[in-house]
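To start, I am sharing the structure in question, which I have written as structure tokens.
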Amino acid sequence: MKEPVARLVIKDLIKGDGVGLELKETQQLLNLEQKKIVVKDSIILNLESKVVNLNTIIIKKDEQFNLERQKSESLLKELKSEKRKTFLFKVGTYVGVAATGLLLLQ
């Protein structure tokens with residue numbers, strides 16, 4: 001082979017090797033990016049499940065607060081009725097004492 005042809009052949013071989021290495025590196029980068037995407041997707045799914053869990057917790061807390069409010073209201077009603085009964089028993093006792101006192105005086 002003549003020298004100029006040999007040089008061109010050597011240049012082509014070097015370029016071919018370089019392109020092969022570049023292709024290999026590009027494929028490795030592509031694989032790395034795909035792994036990153038998989039990790040990001042798993043993180044996103046985990047975060048979405050956390051959001052769902054937190055929303056469920058909020059809903060349960062709201063239900064608990066409503067239940068406690070209802071309990072408080074029913075206890076207040078019972079307290080009022082017991083106060084009325086106590087007042088009526090006190091009035092009845094005083095009326096009974098007064099009536100007994102009047103009967104004893106006669």
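Read the figures in this text as sums done on the coordinates, not as results from a lab. All values derive from a computational prediction rather than experimental measurement. Cβ: placed from backbone, ideal geometry, glycine included. Neighbour counts: every protein chain shown.
Per residue of region 93-100, what does 6.51 cos²θ - 1.76 cosθ + 1.60 with θ = phi - 60° give for ³J(HN,Hα)? Whole Hz please, x for Gly and Pro, Karplus curve as stated.
Couplings: 5, 5, 5, x, 5, 5, 5, 5 Hz.
Counting Lys +1, Arg +1, Asp -1, Glu -1, what net charge surrounds Asp41 among other residues with beta carbon under 12 Å of its beta carbon?
+2
Can you pull a Stokes-Einstein diffusion coefficient for the chain at 10 °C (1.306 mPa s), Rh from Kirkwood over Cα pairs, as a whole number of µm²/s?
It comes out at roughly 67 µm²/s.
Kindly provide the helix-only [θ] at 222 nm of the chain, computed as the sum of -39,500 (n - 2.57) over DSSP H runs of four or more divided by all residues, to the nearest 500 deg cm²/dmol?
Calculated from helices alone, the mean residue ellipticity at 222 nm is -37500 deg cm²/dmol.
Between the alpha-carbon centers of region 38-52 and region 67-106, tell me the distance in whole angstrom.
Result: 62 Å between the Cα centres.
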